[in-house]
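Undergrad: If you scroll down you'll find the structure; I have some questions about it.
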Amino acid sequence: MTEPPHEPAAAPPAVRPEAPLPPGLYPVATPIGNLRDITLRALDTLAQADLVVCEDTRVTGRLLARYGIKARLRSYNDRNAARQRPAILEALKAGKSVALVSDAGSPLISDPGYRLVADAIAAGCRVESVPGPTAAIAALQVSGLPTDRFRFVGFLAPRDARRRRQLAELAGETCTLIIYESGPRLAASLRAMADILGDRPAAVARELTKRYEEVRRGTLDRLAAAWDSAPKGEIVVVVAGRADDPGAGREAGEDIDAPIRAGLAAGDSVRSVADAVAGSTGTPRRTVYRRALALSREGSREGSREQPREQPRERGPADR
């Protein structure tokens, strides 16, 4: 959350809330980099809340200090959520106002908070969003890719095999994909995307709104080759959806029938065949599974039609 060099050093005017904050839970979006990217309503909410629940009290403390806000902070993250949630819910039930923030951006978006919101709703507490910045939308806006339909994927699995299975399930999506990634895994993740999704147009947005903001656009192959070392900072990868070609389904079906039949003939299960063929062809696993199931049933029917011509089977106890 480094402030860009053009920001003034002087403190802003004191926050002046327009009305008291009603009891309830308020997920509040905070800047993803530039500290000026915060709404007046967010500042009002943070200033009035009885309690501010945050991932890291040091990070949120710096933001509040920047705007002259003094608040009671409580840590709430993936490591301590189970321990902290009961006390936060008790505060809500007692009529307190609680602001929920993440280290940067919109809470709950690849950040902790979902269970707290769900439990607060179940307890009959007020839950009201205070919207603002989110890295996914910022990256989509500067990617140059279609924005009318998109799917937020979040972080892919860290292990290559599982990551490739996830990408195989996304290969048939025709909408733009938004994926979060870390610097150390970026090159391997882009390579897996190129292998499974094909050489599609994409953009890699790094350190959005911060001093060293960078956006690279190109095909997945070129982007994968662009990094020979791990870049620093938070990263969003935006990938074009599959081209909506009316003949693509027929061609994909023809392409996958042969390996599916070979796998089934070798005695592999439908599930195993679907995993293998989806991984090797980039076809969505759901598509491969349905086709493998159909071919398996087709083979079973053919076998049952041939069996009576060879030798009728006697009925036994198991048939009754």
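Undergrad: How about region 185-240: which of its residues are hydroxyl-bearing (Ser, Thr, Tyr) and over 16 Å from the mean Cα position of the chain (by Cα)? Write out each step before concluding.
TA: In the first step, residues of region 185-240 are kept if they are hydroxyl-bearing (Ser, Thr, Tyr); the result is 189, 209, 212, 219, 229.
Result: THR209, TYR212, THR219, SER229.
Undergrad: Moving on. Taking LEU177 as meeting all but one of (1) out of contact with any strand residue (DSSP E or B) (no Cβ under 6 Å at 6 or more places or on another chain); (2) among the aliphatic types (A, V, I, L, M); (3) surrounded by 16 or more Cβ atoms within 10 Å (Cβ to Cβ), write down the number of the exception.
TA: (1)
For every residue, the table says whether it meets (1) surrounded by 10 or more Cβ atoms within 10 Å (Cβ to Cβ); (2) at pLDDT 85 or above.
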position: VAL236; (1), (2): yes, yes
position: ALA248; (1), (2): yes, no
position: ALA262; (1), (2): yes, no
position: SER269; (1), (2): yes, yes
position: SER272; (1), (2): yes, yes
position: ARG305; (1), (2): no, no
position: PRO312; (1), (2): no, no
position: GLY316; (1), (2): no, no
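Undergrad: Being at positive phi, in the same structural domain as SER143 (by TED's automatic domain parsing) and at pLDDT 90 or above is the requirement here; does GLY218 meet it?
TA: yes
Undergrad: Here is a further query. Going through region 194-208 one residue at a time, which ones are without any contact (Cβ under 8 Å) to a residue 40 or more places away in the chain and assigned to a helix (DSSP H, G or I)?
TA: Hit for region 194-208 is ALA194, nothing else.
Undergrad: Is region 185-193 home to any residue that is polar (S, T, N, Q), in contact (Cβ under 8 Å) with a residue 40 or more places away in the chain and in the same structural domain as VAL52 (by TED's automatic domain parsing)?
TA: Checked region 185-193: no residue is polar (S, T, N, Q), in contact (Cβ under 8 Å) with a residue 40 or more places away in the chain and in the same structural domain as VAL52 (by TED's automatic domain parsing).
Undergrad: Report, by residue number, each residue of region 63-83 that is buried (at least 16 other Cβ atoms within 10 Å of the Cβ), under 17 Å from PRO107 (Cβ atoms), touching a residue at least 24 places away in the same chain (Cβ under 8 Å) and not aromatic (Phe, Trp, Tyr).
TA: Correct list: LEU63, ALA71, ASN77, ALA81.
Undergrad: Quick one: in region 111-144, which of the residues that are among the acidic types (Asp, Glu) and either touching a His at 6+ places or on another chain (Cβ under 9 Å) or modelled with pLDDT of 95 or more (or both) is surrounded by the fewest Cβ atoms within 10 Å (Cβ to Cβ)?
TA: Residues of region 111-144 that are among the acidic types (Asp, Glu), as a first pass: 111, 119, 128.
Narrowing the set further to residues that are either touching a His at 6+ places or on another chain (Cβ under 9 Å) or modelled with pLDDT of 95 or more (or both) leaves 119, 128.
Numbers: ASP119: 16, GLU128: 13.
Going through the qualifying residues, I end up with GLU128.
Undergrad: Would you be able to say whether some residue in region 145-152 is under 16 Å from the mean Cα position of the chain (by Cα), modelled with pLDDT of 95 or more and surrounded by 18 or more Cβ atoms within 10 Å (Cβ to Cβ)?
TA: yes
Undergrad: Against the definition (surrounded by fewer than 16 Cβ atoms within 10 Å (Cβ to Cβ) and touching a residue at least 24 places away in the same chain (Cβ under 8 Å)), how does PRO107 come out, yes or no?
TA: Answer is no for this residue.
The values are calculated or read from the model by the stated rules, or taken from the named source; none is laboratory data. All values reported here derive from a predicted model rather than from experimental measurement. Cβ atoms come from the backbone with ideal geometry, glycine included; neighbour counts cover every protein chain shown.
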